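All remarks here apply to the structure that follows.
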Amino acid sequence: LEYTGIWAIVVVMTFAGMEAALVAGAISALLTYAIQSIAYPKPIRGSMTAATLRSSEWNRSQHASEILDNDVTGRMRVRVVQFQGHLFFGNVSLFSDGVKELIRSSPFHEAPYVIIIDFTLVLGIDSSAAQAIVKLRDSLTKEFGIKLSIFVPGRSQGFPCETNLSGQLNSRYTPSDQTPKGNQDNNKNLLAKLTGSTVCSDLDEALVYAEDALIAMENPELLYDNIKKSFLGAGKKEVRSIEEEMSYALELLESRCSGAEMHLVERFFSYFTREVYQEDDVLWKQGTKSDSAKLLVAGALIASLENEAGTTETV
């Protein structure tokens, strides 16, 4: 729509002169504003805390899980906001002020430490809106004390705009380049990674990052335990035989059954059977009845949710 207006202005200027082109430009801007305002009246589709959301990073220690489940330190402190439609100069104030009002009106016990802004349903972003998003990021930090802002384009090619918005928003504080002298320096560098703002490709990755940040705020050393397997560098455990795989699977199951006696965990584990899946295999389809529980020992799974509009979103 914007490009159509530009071409119209060029044609008018070529055949009717500069003054007529100025009038055409004003008319084009008004039409663009009116059409986009009617088509996409609400740039903010919805907002919620992450209290009921879980990332795919479920292999966490008992202490880390307790932090995330706690009403004061956990997922309740993460606010997820979803944008939709076209973001342009006409609705800049709507989404910018709207996000600020959501944070401002949050109850004290839900005041967010981390905010996730999801752009999966956004169709386009003009230059004015892109600048406003960067300013919004700065305001969230300075005015509201948000420790970490996470932006989710929801597509592999990045945000739907011509400017390098990903590069501008991915501005985490850089850890020290000096060689760490101990756990204290390691913890400082880890906290630096989890502060400021960053861009995650999808909502699940954003939730993992947000959970890591919440844990690091309470005890950064929990992110170095031998159960943690996040993208921060812990790496996956090497398994060289079926026996080692079974031992590792039992270790994972024990971590999920905190407080249970070991002989009960082993008895529970005896009901499991080993299954191997290939890429693109489907374990469950949306809406089907659940008939089993599975323990993921190696590899990764993707959960996709089909929305009402027919679009698919990775959760």
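The values are calculated or read from the model by the stated rules, or taken from the named source; none is laboratory data. Computed from a predicted structure; not experimentally measured. The protein model used for the area step is the full one, side chains on, heavy atoms only, and it has no ligands, DNA or RNA in it. Shrake-Rupley method; radii C 1.70, N 1.55, O 1.52, S 1.80 Å.
Keeping all protein chains in the complex and leaving out DNA, RNA and ligands, what accessible area do you get for His263 with a 1.4 Å probe, in Å² to the nearest 10?
110 Å²
How large is the accessible surface of Asp126 in square angstrom, using a 1.4 angstrom probe and rounding to the nearest 10?
In the full protein context, Asp126 sits at about 30 Å².
Enter the accessible area of Thr14 (Å², nearest 10), with the probe set to 1.4 Å and all protein chains included.
Answer for Thr14: close to 100 Å² accessible.
Over the range 47-116, what percent of the accessible surface lies on carbon and sulfur atoms, probe 1.4 Å?
Details: 1690 of 3060 Å².
Whole-percent figure for carbon plus sulfur exposure: 55.
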